[in-house]
Amino acid sequence: MTVVVVLLAVAVVLVIALLSAVGAGMLARIDSETWPTALTRAAGTFAAVLALAAAVTAALSPFLT
(Lines give C-alpha, C1' and ligand atoms only; values in the text may rest on other atoms or scores of the structure.)
Protein backbone atom coordinates (compact mmCIF):
# COMPACT_ATOMS: atom_id res chain seq x y z
CA MET A 1 0.00 0.00 0.00
CA THR A 2 2.79 2.45 0.80
CA VAL A 3 4.42 1.86 -2.59
CA VAL A 4 1.18 2.89 -4.30
CA VAL A 5 0.95 6.05 -2.20
CA VAL A 6 4.55 6.97 -2.97
CA LEU A 7 4.06 6.40 -6.71
CA LEU A 8 0.89 8.51 -6.73
CA ALA A 9 2.63 11.29 -4.82
CA VAL A 10 5.53 11.27 -7.28
CA ALA A 11 3.10 11.36 -10.19
CA VAL A 12 1.24 14.33 -8.70
CA VAL A 13 4.47 16.23 -8.09
CA LEU A 14 5.64 15.60 -11.65
CA VAL A 15 2.32 16.75 -13.12
CA ILE A 16 2.37 19.92 -11.03
CA ALA A 17 5.99 20.57 -12.02
CA LEU A 18 5.18 20.09 -15.71
CA LEU A 19 2.14 22.36 -15.53
CA SER A 20 4.05 25.11 -13.78
CA ALA A 21 6.91 24.80 -16.29
CA VAL A 22 4.49 25.09 -19.19
CA GLY A 23 2.91 28.12 -17.55
CA ALA A 24 6.26 29.79 -17.03
CA GLY A 25 7.27 29.11 -20.61
CA MET A 26 4.00 30.48 -21.95
CA LEU A 27 4.27 33.61 -19.82
CA ALA A 28 7.80 34.14 -21.08
CA ARG A 29 6.62 33.81 -24.67
CA ILE A 30 3.74 36.22 -24.03
CA ASP A 31 6.33 38.70 -22.77
CA SER A 32 8.02 38.42 -26.22
CA GLU A 33 11.01 36.44 -24.99
CA THR A 34 12.89 34.21 -27.40
CA TRP A 35 12.34 30.46 -27.43
CA PRO A 36 15.66 29.66 -25.70
CA THR A 37 14.85 32.13 -22.92
CA ALA A 38 11.36 30.69 -22.51
CA LEU A 39 12.75 27.16 -22.33
CA THR A 40 15.33 28.26 -19.78
CA ARG A 41 12.64 29.78 -17.59
CA ALA A 42 10.48 26.68 -17.94
CA ALA A 43 13.39 24.43 -16.99
CA GLY A 44 14.22 26.61 -14.01
CA THR A 45 10.62 26.49 -12.84
CA PHE A 46 10.49 22.71 -13.26
CA ALA A 47 13.68 22.30 -11.21
CA ALA A 48 12.45 24.71 -8.56
CA VAL A 49 9.19 22.79 -8.09
CA LEU A 50 11.07 19.51 -7.77
CA ALA A 51 13.50 21.08 -5.28
CA LEU A 52 10.59 22.44 -3.25
CA ALA A 53 8.92 19.03 -3.20
CA ALA A 54 12.17 17.42 -2.07
CA ALA A 55 12.61 20.02 0.69
CA VAL A 56 9.06 19.50 1.94
CA THR A 57 9.54 15.73 1.88
CA ALA A 58 12.80 16.02 3.82
CA ALA A 59 11.22 18.35 6.36
CA LEU A 60 8.22 16.09 6.92
CA SER A 61 10.05 12.75 6.89
CA PRO A 62 10.73 12.64 10.66
CA PHE A 63 7.00 12.93 11.28
CA LEU A 64 6.01 10.19 8.84
CA THR A 65 7.99 7.30 10.27
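The values are calculated or read from the model by the stated rules, or taken from the named source; none is laboratory data. Predicted model, so just to flag it, every value in this text is computed and none were measured. In this analysis, Cβ positions are derived from the backbone assuming ideal geometry, glycine residues included, and neighbour counts consider all displayed protein chains. Calculation scope for accessible area: heavy atoms of the full protein, side chains included, ligands and nucleic acids excluded. Shrake-Rupley method; radii C 1.70, N 1.55, O 1.52, S 1.80 Å.
Some points to look at:
- Here the spin labels are modelled as points 7 Å beyond Cα on the Cα-Cβ line, and at Ala59 and Ile30 they lie 2.8 nm apart.
- Solvent-accessible heavy-atom area per residue, rounded to whole Å², over the chain at 1.4 Å: 76
- Annotation: extensible slack from Thr37 through Val12 equals 6.3 nm (criterion: 0.36 nm per residue apart, minus Cα-Cα distance).
- Sulfur and carbon atoms: percent of accessible area, region 11-65 [1.4 Å]: 79
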